[in-house]
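These notes concern the structure reproduced below.
The values are calculated or read from the model by the stated rules, or taken from the named source; none is laboratory data. What you see is a predicted model; the values in this text were computed from it and never measured. A quick note on method: Cβ atoms are made from the backbone with ideal geometry, for glycine too, and the neighbour counts reach across all protein chains shown.
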Amino acid sequence: MAGKTIVCRCNDVTVEEIEALIDSGVTDIEEIKRLLRVGMGPCQGRTCIPIVISILARKTGKKPEEIAPPKARVPVRPVRVEVIVGGADE
Amino acid sequence: MSKIAIIGGGIIGVATAYELAKLGEEVVLFEKNYFGSGSTFRCATGIRAQFTDEANIRLMKYSVERWERLEEELGADIGFNQTGYLFLATSEDEVEAFKANIKLQNKFGVPTRLIDMDEGKEIVPILNTEPFLAGAWNPKDAKANPFKTLFAYLRRARELGVDAREHTEVVGLEREGDTITAVKFRSKGKVERVKVDAVLNACNAWAPLINGMAGLKRDLVPIKAYKHQLVKTEPLERGQAEPLVCPPSWNDAYIIQDGEDGGIICGAGIEHEAKSLDDVEPTYDFLRGVLRYAVRIAPPLRYAHVVRQWAGYYAKTPDSNPAIGKLLDNFYIAAGFSGHGFMMAPAVAQAMAELISKGRSKVPLDWEWYDPYRFERGELRSSAFQIG
């Protein structure tokens, strides 16, 4: 892990890692998400994705509102498997 | 040197671009969305040679050998790990079928063997052994990180001079006789044109659209998109279910521990033909259906949390085998992978690059078996055994 400023607390991704990836030419937020796993943890990107968007906007000269957040995944919050499958095995 | 256009920036297109550049060809690659956005970045990460016919076994044995050396060749971590595939039998008839498959796989050098459930439990500590009679175990089957793998290929391809463009949509092909002479593409709202010497259609679920642009019937290679979904749990302690574990008789349900973070990926053959090529919405029916299988395979999963669910396409042909070969004099296809594109990519990319550049390949790929014209002739292969 390069750098000390953590952006994604689920997967320990830092500002420096995000900046380095953008500098290497990866500027699509869907690709940044998958390569660094930022926003793929239990919080589903609530904390980190807005920060990633602001870093990406600054580095690429875009306005933050021009960068769509990556596709949101269900479930919105983690759900215990037993809640979904019910009590007894079938 | 000739100029070769590759349409489709998934693993097949990007890996073929790399292989062509290695052979000294000039390559331009077009991806209409972001790299990997079609099927590659939605796959379940599995790599196996446990197929049930000679063509797929031989191709995948070779592909696994390429995978084994790929991190070194590409100079990057791609998360490749030979954690095996374990298929589980629920009846005596299935045990006999496993034995026949194992015999065929062994004949071509794939070291699958039949194991009892004591050994199964050692390999997969959270396994529920009770419903199963035996397992087919190949420790050389594997998994890899699709994101890292695609970008490792892409970086090397670009270093070798490949012009790879994403968010660039091909909108037309120019054809004279049986030769494609130019590709028209739209980039930032503007249509441009590039003269080419050859074209590869690597668009998988979208391949029929490109065939249509080449003046071919869209159903010449009848690929249909089926929505396949996956569910993933929170990270678990490593080593709980590292192999892909699958009882085929339970609707092809499987679990596999993600090589990256240790979450359990759960899949099943609960599929629907996609309503359109942007229909990747997950469904609650799938979530409940796949987890009911998952907790029967590994009961402790009951207490894990589901973190994410997503969908992608199996771009399926009528026999679930890909279409790989030549469609016109200089127009090629490698598409319709039916869920097996990621695992086959190292072998297919090399074979396709050699075919385009040299007219023949040393890869053990049975061109007749995968012939894209077989559907028009009404020849179907035995259905390739599906599962991640």
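Say whether the condition of being in the same structural domain as residue B:255 (by TED's automatic domain parsing), among the aliphatic types (A, V, I, L, M) and within 23 Å of the chain's Cα centre (by Cα) is met by at least one residue in segment B:301-311.
yes
Take residue B:215 and decide whether it is in contact with a strand residue (DSSP E or B) (Cβ under 7 Å, 6 or more places away or on another chain), modelled with pLDDT of 95 or more, at positive phi and not charged (D, E, K, R).
yes
Taking into account only those residues within segment B:24-38 that are surrounded by 24 or more Cβ atoms within 10 Å (Cβ to Cβ) and away from chain A (no Cβ under 14 Å), which is farthest from residue B:346 (Cα to Cα)?
The initial filter retains those residues of segment B:24-38 that are surrounded by 24 or more Cβ atoms within 10 Å (Cβ to Cβ), namely B:27, B:29-31, B:35-36, B:38.
With away from chain A (no Cβ under 14 Å) added as a condition, the list becomes B:27, B:29-30.
On the way: B:27: 18, B:29: 17, B:30: 19 Å.
Among those that are surrounded by 24 or more Cβ atoms within 10 Å (Cβ to Cβ) and away from chain A (no Cβ under 14 Å), it is B:30.
The rows are residues; the columns are (1) acidic (Asp, Glu); (2) surrounded by fewer than 18 Cβ atoms within 10 Å (Cβ to Cβ); (3) at positive phi; (4) under 10 Å from the mean Cα position of the chain (by Cα).
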| position | (1), (2), (3), (4) |
| --- | --- |
| A:11 | no, no, no, yes |
| A:32 | no, no, no, yes |
| A:38 | no, no, no, yes |
| A:47 | no, yes, no, yes |
| A:77 | no, yes, no, no |
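Using the structure shown, decide if residue B:76 is part of a loop (DSSP other than H, G, I, E, B), touching a residue at least 40 places away in the same chain (Cβ under 8 Å) and more than 14 Å from chain A (Cβ to nearest Cβ). Before the answer, list the steps.
Working: part of a loop (DSSP other than H, G, I, E, B): yes; touching a residue at least 40 places away in the same chain (Cβ under 8 Å): yes; more than 14 Å from chain A (Cβ to nearest Cβ): no.
No; evaluated as a whole, the condition is false for this residue.
Pairs under 7 Å by beta carbon, first residue part of a strand (DSSP E or B) in segment A:73-86, partner modelled with pLDDT of 90 or more, six or more apart or different chains?
Close Cβ pairs (under 7 Å, with a partner that is modelled with pLDDT of 90 or more) amount to A:74/B:282; A:74/B:309; A:79/B:305; A:79/B:306; A:80/B:303; A:80/B:305.
With the requirement that a residue be farther than 30 Å from residue B:129 by Cβ and either crowded, with 22+ Cβ neighbours inside 10 Å or among the aromatic types (Phe, Trp, Tyr) (or both), what does segment B:297-313 give you?
The answer is B:310, B:312, B:313.
Would you please name the residue that is nearest to residue B:73 (Cα to Cα), looking only at residues in segment B:337-356 that are out of contact with any helix residue (DSSP H, G or I) (no Cβ under 7 Å at 6 or more places or on another chain) and not acidic (Asp, Glu)?
Our first condition is that a residue be out of contact with any helix residue (DSSP H, G or I) (no Cβ under 7 Å at 6 or more places or on another chain); within segment B:337-356, this holds for B:338-340, B:351, B:354-355.
Imposing the further condition that a residue be not acidic (Asp, Glu) reduces the set to B:338-340, B:351, B:355.
Working: B:338: 27, B:339: 25, B:340: 22, B:351: 17, B:355: 21 Å.
Only one residue fits best here, namely B:351.
Give the residues of segment B:286-336 that are of a type in the set (Ser, Thr, Tyr) and more than 7 Å from every other protein chain (Cβ to nearest Cβ), sorted by residue number.
Those that are of a type in the set (Ser, Thr, Tyr) and more than 7 Å from every other protein chain (Cβ to nearest Cβ): B:293, B:313, B:314, B:317, B:320, B:332.
Just a yes or no: is a residue in segment B:372-388 of a type in the set (Val, Ile, Thr), within 22 Å of residue B:87 (Cβ to Cβ) and without any contact (Cβ under 8 Å) to a residue 60 or more places away in the chain?
No, because not a single residue in segment B:372-388 is of a type in the set (Val, Ile, Thr), within 22 Å of residue B:87 (Cβ to Cβ) and without any contact (Cβ under 8 Å) to a residue 60 or more places away in the chain.
So residue B:43 ticks every box in (1) under 30 Å from residue B:168 (Cβ atoms); (2) more than 14 Å from every other protein chain (Cβ to nearest Cβ); (3) in contact with a strand residue (DSSP E or B) (Cβ under 9 Å, 6 or more places away or on another chain) but one. Which box is left unticked?
All conditions pass for residue B:43, except number (2).
With B:98, B:41, B:87 as the choices, which residue is of a type in the set (Phe, Trp, Tyr), within 14 Å of residue B:342 (Cβ to Cβ) and modelled with pLDDT of 95 or more?
Only one candidate qualifies: B:41.
How do the pairs read when you match residues in segment B:274-300 that are without any contact (Cβ under 8 Å) to a residue 24 or more places away in the chain with residues anywhere that are part of a helix (DSSP H, G or I), using Cβ under 7 Å and keeping only pairs 6 or more apart or on different chains?
These pairs meet every condition: B:288/A:84; B:288/A:85; B:292/A:85; B:295/A:81; B:295/A:85; B:295/B:301; B:295/B:302.
Taking the residues in segment B:249-285 that are of a type in the set (A, V, I, L, M, F, W, C) and within 11 Å of chain A (Cβ to nearest Cβ) as candidates, determine which candidate is surrounded by the most Cβ atoms within 10 Å (Cβ to Cβ). Talk me through it step by step, then tell me what you get.
Of the residues in segment B:249-285, the ones of a type in the set (A, V, I, L, M, F, W, C) are B:250, B:253, B:255-256, B:264-266, B:268, B:270, B:274, B:277, B:280.
Subsequent filtering for residues that are within 11 Å of chain A (Cβ to nearest Cβ) retains B:264, B:266, B:280.
Numbers: B:264: 27, B:266: 29, B:280: 18.
Checking each candidate, the answer is B:266.
Tell me which residues, restricted to segment A:1-20, are hydrophobic (A, V, I, L, M, F, W, C) and farther than 25 Å from residue B:307 by Cβ.
A:2, A:20
Considering only segment A:8-67, give the helices (runs of 4 or more DSSP H) lying wholly within it that have at least 2 residues that are away from chain B (no Cβ under 14 Å). Quick ask: steps written out before the conclusion?
Working: elements: A:15-23, A:29-36, A:48-60.
In segment A:8-67, A:15-23, A:48-60 are the helices (runs of 4 or more DSSP H) which contain 2 or more residues that are away from chain B (no Cβ under 14 Å).
Checking residue B:316 against (1) of a type in the set (D, E, K, R); (2) over 28 Å from residue B:359 (Cα atoms); (3) buried (at least 21 other Cβ atoms within 10 Å of the Cβ), which test does it fail?
(2)
Regarding residue B:191, is this residue in a strand (DSSP E or B), touching a Lys or Arg at 6+ places or on another chain (Cβ under 8 Å), among the aliphatic types (A, V, I, L, M) and surrounded by fewer than 17 Cβ atoms within 10 Å (Cβ to Cβ)?
Judged against the criteria, residue B:191 is a match.
Among the residues of segment B:144-159, write down those that are within 9 Å of another protein chain (Cβ to nearest Cβ) and without any contact (Cβ under 8 Å) to a residue 24 or more places away in the chain.
B:158
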